[in-house]
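The values are calculated or read from the model by the stated rules, or taken from the named source; none is laboratory data. None of the values given here were measured: they were computed from a predicted structure. Reconstructed Cβ throughout: ideal geometry from the backbone, glycine too, with neighbour counts over all protein chains shown. We work out accessible area using only protein heavy atoms, side chains counted, and drop any ligands, DNA or RNA first. Shrake-Rupley method; radii C 1.70, N 1.55, O 1.52, S 1.80 Å.
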Amino acid sequence: MRQLYDVIILGAGACGLFTAINIAEEAPHKRILILEKGKEALGKVRISGGGRCNLTNGEPNLREFVKNYPRGNRELLGAFSRFSNKDTVKWFETHQVALKEEGDGRVFPLSNSSQTIIDCFLSLAKKYNIEILYKQNVHAFSYEKEEWKVQATEVFHSRNLVVATGSNPKVWQLLSQLGHTIVPPVPSLFTFATEDSFIEGLAGVSKEVNAKLLASDHSSLKIPLLEKQGLVGALLVTHWGFSGPVVLRLSAFAARDLAQLDYKFALQINWLAEEEILSSEEALSILQEEKQKHPRKELQNHCPFNLTKKLWNKLLERSGALPHLLWAELNKAQLHALAHTLTHSIFPIEGKATFKEEFVTAGGVSLKEIDFKSFRSKLFPTLYIGGEALDIDAVTGGYNFQNAWSSGYLIAEGVTSEK
């Protein structure tokens with residue numbers, strides 16, 4: 001028997017379920033079906049934030065907030081003005097999920113468990129009789145006679161179709177067949193691998209640095225945001241290379257450029273970026289002053305900068321200054337070399353590695369084809385696309401989920417406002 005739903009949602013992830021719940025709360029009479037290709041809902045929610053689920057970020061300034069989206073920042077500014085991170089916090093607290101904001105702005109459930117979010121969503125889905133079917137591999141959908149026909153294990157019909165499938169190549173192909181432009185996906189949020197011997201023995205060392213991406217010939221990559229000064233942030237040395245917030249942010253903003261380089265490029269690090277970024281000349285002045293003040297001390301036992309002893313000694317060796325030398329024994333050339341090493345260390349990067357389980361891609365449905373007041377397709381009046389199915393991605397810190405919540409909420413508004 002043919003059944004006609006008011007809304008079919010593809011994907012039982014964060015965006016899909018949030019959309020369904022908000023539709024049901026506003027219009028409980030609507031028949032809602034979610035088709036999920038996996039065997040359970042909210043798989044990415046479960047593993048996010050190390051299993052704690054970093055729901056959003058508490059940054060109060062929306063213009064600063066959107067700077068964490070390499071792609072989609074302009075479009076999301078308007079969307080966030082209608083459903084912001086503050087609205088997200090209010091929504092969850094209204095639905096009896098206690099939250100906490102940590103010192104870096106990340107917001108988590110007070111329980112420290114993503115299961116709290118999963119239980120909240122699934123209980124609300126049950127309360128509102130939202131139908132969820134699992135192991136549904138959608139292999140076609142089409143728009144015929146003002147209805148959507150979706151083919152999975154069986155054929156379903158609906159007045160509205162919501163695509164919330166994240167980075168799903170098959171669904172992107174189907175959208176492309178409908179006429180949507182798909183920006184080819186490339187990895188984002190990854191760490192940098194190097195075979196430079198400098199990192200040996202330094203795994204676990206973390207330092208606030210100024211980092212800059214260079215082409216293999218050491219010329220600046222032509223990336224407007226990163227070209228001049230690079231980025232400042234915490235760098236983590238690992239067994240295979242470099243990670244930490246500053247590396248992940250660089251990888252996100254330069255995702256397409258680095259893919260074109262086949263992940264063969266160079267990373268320039270200024271290790272002196274605690275309170276301000278020191279230049280080579282400023283570093284040299286400090287080194288010359290230390291030579292005058294402490295001529296009889298060994299280099300390895302006296303560092304004038306906020307560097308661990310292991311890192312300081314590695315930088316001494318890299319500059320050509322032996323750690324056991326006395327400060328008085330440093331000649332002019334060695335002082336200049338050390339100042340340059342401290343502020344312009346360059347490491348060849350030979351590849352990437354995925355950042356934990358939080359695999360993110362840059363790519364998806366072209367933003368030019370979406371009305372961001374409701375995330376409605378400009379090609380079809382009853383097709384909505386949200387979350388990471390769009391060419392939108394963000395750095396870590398709760399920003400990718402905020403895209404899911406805001407797009408889901410505004411899609412729900414669009415669907416329920418229909419006559």
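Observations on the model:
- Selection of the stretch 56-74 for residues being under 13 Å from the mean Cα position of the chain (by Cα) and either open to solvent by 40 Å² or more (accessible area, probe 1.4 Å) or in contact (Cβ under 8 Å) with a residue 40 or more places away in the chain (or both) yields THR56, ASN57, PHE65, LYS67, ASN68, TYR69, PRO70, ARG71, GLY72, ASN73.
- Going through (1) assigned to a loop (DSSP other than H, G, I, E, B); (2) open to solvent by 50 Å² or more (accessible area, probe 1.4 Å) one by one, GLU93 falls short only on (1).
- Qualifying residue in the stretch 47-54 (condition: under 19 Å from TYR399 (Cβ atoms), of a type outside the set (Gly, Ala, Ser) and in contact with a helix residue (DSSP H, G or I) (Cβ under 9 Å, 6 or more places away or on another chain)): yes
- Residue pairs whose Cβ atoms lie under 6 Å apart, separated by 6 or more positions or on different chains, with the first residue in the stretch 77-103 and within 18 Å of ALA412 (Cβ to Cβ) and the second loosely packed, with under 13 Cβ neighbours inside 10 Å and among the basic types (Lys, Arg), do not occur.
- Any chance ALA259 is within 21 Å of THR308 (Cα to Cα), under 21 Å from the mean Cα position of the chain (by Cα), hydrophobic (A, V, I, L, M, F, W, C) and surrounded by fewer than 19 Cβ atoms within 10 Å (Cβ to Cβ): no
- Residue in the stretch 320-340 that is part of a loop (DSSP other than H, G, I, E, B), open to solvent by 40 Å² or more (accessible area, probe 1.4 Å), over 17 Å from GLY201 (Cβ atoms) and among the charged types (D, E, K, R) present: no
- Scanning the stretch 75-85 for any residue that is crowded, with 16+ Cβ neighbours inside 10 Å, at positive phi and not in a helix (DSSP H, G or I) turns up nothing.
- For first residues located in the stretch 395-419 and at pLDDT 95 or above and open to solvent by less than 40 Å² (accessible area, probe 1.4 Å), partners that are part of a helix (DSSP H, G or I) and of a type in the set (Phe, Trp, Tyr) and lie 6+ apart or on another chain with Cβ distances below 7 Å form the pairs ALA404/PHE18; TRP405/PHE18; SER406/PHE80; GLY408/PHE18.
- Count - residues of the stretch 173-202 that are on the phi < 0 side of the Ramachandran plot and surrounded by fewer than 12 Cβ atoms within 10 Å (Cβ to Cβ): 4
- Number of positions in the stretch 153-172 that are in a helix (DSSP H, G or I) and either surrounded by fewer than 23 Cβ atoms within 10 Å (Cβ to Cβ) or without any contact (Cβ under 8 Å) to a residue 12 or more places away in the chain (or both): 3
- Note on the stretch 19-54: among residues that are of a type in the set (Asp, Glu) and assigned to a helix (DSSP H, G or I), the one that is most open to solvent (accessible area, probe 1.4 Å) is GLU26.
- Hits in the stretch 128-142 (condition: on the phi < 0 side of the Ramachandran plot, open to solvent by 70 Å² or more (accessible area, probe 1.4 Å) and touching a residue at least 60 places away in the same chain (Cβ under 8 Å)): TYR134, ASN137
- Residue check for LYS100: in a strand (DSSP E or B), on the phi < 0 side of the Ramachandran plot, in contact with a strand residue (DSSP E or B) (Cβ under 9 Å, 6 or more places away or on another chain) and open to solvent by 10 Å² or more (accessible area, probe 1.4 Å): yes
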